[in-house]
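Take a look at the structure set out below.
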Amino acid sequence: MNAGTVILIVVAFFALIVLFKSIRIVPQKSAFIVQRLGKYHSTLEAGFHILLPFVDALAYHHTLKEQAIDVPPQTCITKDNISVEVDGILYLQVVDPQKASYGITNYLFASTQLAQTTMRSVIGKLELDRTFEERDAINSLIVDAVDKASDPWGIKVTRYEIKNIVPPQSIRDAMEKQMRAEREKRAMIAESEGDKQAKINRAEGDKQEMIERSEGEKQKRINEAEGRAAEIEKVAVATAGGIREIAAAINERGGMEAVNLRVAEQYLTGFANLAKTTNTLILPANLADIAGVIKTATAAIHSVSGGGQTA
C-alpha cells in the first residue's frame, strides 16, 4: 500500500466522522438551539437535520414537555405574625426555546426563586387561619405573578400547588385544643338538641294519649247513657203495655175479683218468705186484716169459679 492510498483512506475516514458529526436527530417534544460562528442561527425541532461542519454548533438543548419543579420549604410570616413553613410544586413549560436560551441563565432556578418570593408576599397578607382556607387563591396569585415575570424568558407557568403549610408546634397544639373544644361543643349541642326533641316527643305522645283516653272515656259514657236510656225506654214501654193489659183485664168480667185474689196471694207469699229467711216470727199488728184478706181472696176464688161455671 503506497502513501497516496493511505492518505486517501485517512481523508475518507475523516470525512465520514465530519458527516456523522453534522447529522442531528431531534427527539419529539425537544428543541435544539444552533449557533453559527458563535451567533444564534436557528432552532431545530423534532426530526432529521444536517449542520455545517466546523461552522454550526448545538448550544442549548430544551425539552418542550411540562416540567414539575419542587419548590423547597421556606419560612413565611403571616399577617398575625406567626411563622409557617410552606413548600410547593411549580409546573412550567418552555414555549420559546430562543428566549429560554438567551433571556436568562437558568430559568428553572429563577422561576423557583420567584415562586418563593411571591409566596412570602402573599402569605404575609393573610392570617394563619385563612392560609389553610384559601389555598386555591394563593396558588392562582403565585401563578399569575411568576407567569408574568417569566414571559421574557419564553416560559409559560401552568399552575402552582402548595404541598404543606406547617405552623410551629405550639401553634399546632393550640389549634388542636381549639378543634377539640369545637368538637366537644358541637357534641354537647347535638346531645342537648336530641334530649330537647325527645322531651318534646314524649310530651306530645302523653298529650295525644290523654286526648285519646278522654275521647274513649267520653264515648264509653255516651254509649252507657244511651244503653241505659234505651233500657229505661223499653222497660217503660213494657210496663205501660203491661198496665194497659191489666187495665183491660180488670174492666173485663171477673177482672176485679182476679185482682183481689192476686193481692191476697202476694200477701201470703210475702209472709211465707219472711218465715223462711229468719228465725224471728213476724205477726201482723191486726190479725183481723189477715182474715179479711183471706176471706176476700176466698170469696174472689169462689166468685171467679162460679163465674167461670156460669159462663
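Tabulated data for the structure shown
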quantity: Test set (1) of a type in the set (A, V, I, L, M); (2) surrounded by 16 or more Cβ atoms within 10 Å (Cβ to Cβ); (3) closer than 30 Å to Gln28 by Cβ - Val95 fails condition number; calculated: (2)
quantity: Filter result for Tyr107 (closer than 28 Å to Asp144 by Cα, in contact with a helix residue (DSSP H, G or I) (Cβ under 8 Å, 6 or more places away or on another chain) and aromatic (Phe, Trp, Tyr)); calculated: yes
quantity: Those residues of the range 140-168 which are under 32 Å from the mean Cα position of the chain (by Cα) and either part of a helix (DSSP H, G or I) or within 12 Å of Thr78 (Cβ to Cβ) (or both), in sequence order; calculated: Ile165
quantity: Hits in the range 22-69 (condition: assigned to a strand (DSSP E or B) and closer than 18 Å to Leu92 by Cβ); calculated: Ser30, Ala31, Tyr60, His61, His62, Thr63, Gln67, Ala68, Ile69
quantity: Residue that is at pLDDT 90 or above and either touching a Gly at 6+ places or on another chain (Cβ under 9 Å) or outside the structural domain of Phe32 (by TED's automatic domain parsing) (or both), where the choices are Ile104, Ile77, Ile138, Ile155; calculated: Ile155
quantity: Matching option when the condition is assigned to a helix (DSSP H, G or I), among the acidic types (Asp, Glu), modelled with pLDDT under 85 and outside the structural domain of Ile123 (by TED's automatic domain parsing), among Glu176, Glu209; calculated: Glu176
quantity: Subset tally (residues that are crowded, with 19+ Cβ neighbours inside 10 Å and within 14 Å of Gly88 (Cα to Cα)) for the range 123-145; calculated: 5
quantity: Scan of the range 107-139 for residues that are more than 41 Å from the chain's Cα centre (by Cα) and small (Gly, Ala, Ser), ordered by number; calculated: Ala110, Ser111, Ala115
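Residues are listed down the side, and each one gets a yes or a no for (1) within 25 Å of Leu64 (Cβ to Cβ); (2) without any contact (Cβ under 8 Å) to a residue 40 or more places away in the chain:
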site	(1), (2)
Ala115	yes, no
Ile123	no, no
Leu128	no, no
Arg159	yes, no
Asn164	no, no
Pro168	no, no
Glu193	no, yes
Lys199	no, yes
Lys207	no, yes
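The values are calculated or read from the model by the stated rules, or taken from the named source; none is laboratory data. What you see is a predicted model; the values in this text were computed from it and never measured. All Cβ positions, even for glycine, are placed from backbone atoms using ideal geometry, and neighbour counts span all protein chains on display.
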